[in-house]
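Below is one structure, written out as structure tokens; the observations come after it.
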Amino acid sequence: MELITIKDLCKSYGNGGKKIDVLKGINLTVNKGETIAIVGASGAGKSTLLNIMGTLDRPTSGDVRFMNEPVFDYDGKRLAAFRNRTIGFVFQFHHLLPEFTAVENVMLPALISGAPFDAARSRAAALLGEVGLSERLGHKPGELSGGEQQRCAIVRAVIQDPGMILADEPTGNLDARTGDEVFALLLGLNRDRGTPLVVVTHNERLASRMTRRIMMSDGSLTEG
Ligand code: ADP
């Protein structure tokens, strides 16, 4: 079943003489349950595509739909609520809030969507326990290792039971072994929950473990 359909997506930055065409007519369908690696040279447009798939950035032209819904037609508030419920993000740098503890960081998306405090906290604690961090609930990000920070960021991404996880170089800042563990965790979420996973990665070995591999080159896609 189709989760995202992207047709003739173009994205340009700047204006006048300085306009850069970053995405040049992308067509892509993401189906439920899939795992997709997006690979390609730096500057090819991978993050731009992922950010548009996550509704963090808007297309310049083209048609992007989630379950056939034209979400970019939503107003800002409705789009933000859609994003909060539907999309889990994992970035290269964890983007955890430094002043908050692990459990507070993880429960934030649930609180933002109006979940009761106690329910959000117990769900966050349970998820952190599932990834081996039950002893770290009260630690701030600066008191966690790189791998622990990323595991915390991953459970923050899934607390809302998103329809899709988007990850931009999630292992790029980790040593090989820790990166493998984090990648295994993402693949496990796909296997156990069926959550589609789209990962931008430079790591061909990890990319080969995904069901589809998409190569971006100068703003265009080729598959295979
Ligand atoms: P990749 O993820 O493949 O490394 P990006 O999507 O980050 O590539 O960037 C593609 C191109 O778009 C780069 O040339 C980059 O400089 C440009 N770009 C990305 N974001 C912006 C922006 N906000 N304003 C202007 N140019 C941008």
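The values are calculated or read from the model by the stated rules, or taken from the named source; none is laboratory data. Since this is a predicted model, take the numbers as computed values, not measurements. Note: ideal-geometry Cβ built from the backbone for every residue, glycine included; neighbour counts use all protein chains shown. Accessible surface is based on the protein model in full, side chains and every heavy atom, while ligands, DNA and RNA are left aside. Shrake-Rupley method; radii C 1.70, N 1.55, O 1.52, S 1.80 Å.
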message = Regarding the range 41-58, can at least one residue be identified that is outside any loop (DSSP other than H, G, I, E, B), of a type in the set (A, V, I, L, M, F, W, C), out of contact with any His (no Cβ under 7 Å at 6 or more places or on another chain) and open to solvent by 10 Å² or more (accessible area, probe 1.4 Å)?
response = no
Inter-residue pairs, beta-carbon under 6 Å, first over 20 Å from LYS24 (Cα atoms) and touching a residue at least 24 places away in the same chain (Cβ under 8 Å) and in the range 57-79, second open to solvent by less than 50 Å² (accessible area, probe 1.4 Å) and assigned to a strand (DSSP E or B), 6+ apart = PHE66/ILE4
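Would you say LYS24 is within 9 Å of the ligand (Cβ to nearest atom), at negative phi and either surrounded by 14 or more Cβ atoms within 10 Å (Cβ to Cβ) or under 15 Å from the mean Cα position of the chain (by Cα) (or both)?
Values: within 9 Å of the ligand (Cβ to nearest atom): no; at negative phi: yes; either surrounded by 14 or more Cβ atoms within 10 Å (Cβ to Cβ) or under 15 Å from the mean Cα position of the chain (by Cα) (or both): yes.
Spelling it out, it is not the case that LYS24 is within 9 Å of the ligand (Cβ to nearest atom), at negative phi and either surrounded by 14 or more Cβ atoms within 10 Å (Cβ to Cβ) or under 15 Å from the mean Cα position of the chain (by Cα) (or both).
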key: Test: LEU221 is more than 16 Å from the ligand (Cβ to nearest atom) and either of a type in the set (A, V, I, L, M, F, W, C) or surrounded by 15 or more Cβ atoms within 10 Å (Cβ to Cβ) (or both)   = no
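If I filter the range 120-173 down to residues being of a type in the set (S, T, N, Q) and farther than 12 Å from MET107 by Cβ, which single residue comes out as modelled with the lowest pLDDT? Lay out the reasoning, then the answer.
So in the range 120-173, the residues of a type in the set (S, T, N, Q) come out as 122, 134, 145, 149-150, 160, 171, 173.
Applying the additional criterion that residues be farther than 12 Å from MET107 by Cβ yields 134, 145, 149-150, 171, 173.
Working: SER134: 95, SER145: 93, GLN149: 93, GLN150: 90, THR171: 89, ASN173: 83.
Per the stated criteria, the residue is ASN173.
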ask   = How many of the residues in the range 168-218 are of a type in the set (Gly, Ala, Ser), under 28 Å from GLY25 (Cα atoms) and open to solvent by 30 Å² or more (accessible area, probe 1.4 Å)?
value = 3
inquiry  = Here is a check on your reading of the model: is VAL39 touching a Lys or Arg at 6+ places or on another chain (Cβ under 8 Å) and more than 9 Å from the ligand (Cβ to nearest atom)?
reply    = yes
